[in-house]
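What follows is a single structure, written as structure tokens, with notes after it.
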Amino acid sequence: MVSYSIVRYDLVSKLSKILELEVTYPPILTGLTLLLFQSTEGNFPIALFFVIGAAKFFIPFIAYVLIIEKRYGWLISLVAFIIIPSIIIYFIVKDLFLGKYFLLLPFIAFYFYCLLLKFSVREWLNEYDAKIEMELDIK
């Protein structure tokens, strides 16, 4: 395992807090929204667009932190598995009859990405804290 140092601890810590919220609340809101969707006779609720939009709102911050921290593997996977598929799916299926269901696919992928990133960021912070503690013990 390669150990990296953290360039901006404050940004990584903030990213960790955002990922905690990103992983916890959107699935609950999506579940409630889909429940409402079933009860509104097929009309796609606007709340789901807000839930998806809120999730996508954090992509620039996530990308910024990954660039600052030089975590290029995570950045490439963000672009390859979240951003590009979101654009493709939007333009291909937006006018289809069941296209609104396909718009959930990038959101599900983004949720899974955030889940994996959350554990990785937590590991980065733990490694950094252990490194700092070891340096203080040596002195």
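The values are calculated or read from the model by the stated rules, or taken from the named source; none is laboratory data. Computed from a prediction, not measured in an experiment: that's the story for all the values here. Neighbour counts are summed over all protein chains in view; Cβ atoms, including those assigned to glycine, are modelled from backbone coordinates with ideal geometry.
Out of ILE62, ILE89, ILE108, ILE82, report the one residue that is surrounded by 14 or more Cβ atoms within 10 Å (Cβ to Cβ) and either at pLDDT below 85 or charged (D, E, K, R) (or both). When all the criteria are applied, what remains is ILE89. All told, LEU48 falls short of being modelled with pLDDT under 90 and in a loop (DSSP other than H, G, I, E, B).
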